[in-house]
Amino acid sequence: MTYARYVALGDSQTEGLGDGDDIRGHRGWADRLAEHLAAANPDAQYANLGVRGRLAGQIRDEQLGPALALRPDLATVMGGMNDLIRPGFDAAAVASALEEMFEALTASGACVVTVTFPDIGKIAPLARRLLPRVIDLNARIRAAGARHGVIVVDTFPHSFTTDPRMWTSDRLHASPLGHARIAAAIAHAIGLPGSDDTWSVPLTPVPPRAGWRVAGAEVRWVATFAGPWIYRRLRGRSSGDGRVAKRPELGPVPPRSYVDE
């Protein structure tokens, strides 16, 4: 199966944070997937509407209309994590926003792909109490996807998704390896030529770290990432304030070989 018009909707993961930087640019799983699409169809075009910090309702309100106007035959929707980690999380409202996007995009004729979320408490131990939220939201995503014929890439059952090597030091954004695995998983789910299930192969085990190193890493994470994030929330600010989509219009996929780094 090949696709000609791919549009990505979402937040920072879709924008590509963790795979590049604001100076060189962010690649990310959506760019990597587009590169895979272009390998199968050199005429494929790609737009990325993802903006960091966006909540699921904001993705729907800001990105769905422009996405539909681009008439995609493939669309990815990734959102909900920014909602999940906030105090006022409402799983039903988040799932409803996602389902509205699923319904509209599939009705337009697009193949739609989404994902579930891993156990973030195994990525950031201080977030262990959020596991019931993850389980609840994932169940709602699966159900909404089933109602609208959406392809759901279920990451939750795979233990490697919580491996530290899959994440950057902020524990919120996928690392280059993580982005490569997400792209490979979606490529396999939609049956792109050359894709397979190697994305799901567990990572090679590494020796456990000493307890004092783990404790020190937690202190540094709170000081470097969790603290500033809480401060922004208290001020009513978002990392996406003033940001716009990096690829708001369909265009040729930049030439770059698809490498599973």
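Descriptive notes on the structure:
- Virtual spin-label span in nm between residue 23 and residue 92, 7 Å along Cα→Cβ: 4.9 nm
- In order through the range 113-124: 3J(HN,Hα) via Karplus (6.51 cos²θ - 1.76 cosθ + 1.60), integer Hz, x for Gly, Pro: 10, 9, 9, 9, 10, x, 6, 5, x, 7, 8, 10
- Selection of trypsin sites (Lys or Arg not before Pro), the range 21-73, meeting DSSP coil and at most 13 other Cβ within 10 Å: 24
- 5 angstrom amide H check on residue 111, placed H, neighbours 5+ away: 74, 75
- Using 0.36 nm per residue and subtracting the Cα-Cα separation, the extra length available between residue 203 and residue 103 on full extension is 32.4 nm.
- At R0 = 35 Å, FRET efficiency that the Cβ-Cβ distance of residue 243 and residue 73 yields, to 0.05: 0.80
Where a number appears in this text, it was derived from the coordinates with a stated rule and is not lab data. Just so it is clear, the structure is predicted and the values come from calculations on it, not from any experiment. All Cβ positions, even for glycine, are placed from backbone atoms using ideal geometry, and neighbour counts span all protein chains on display.
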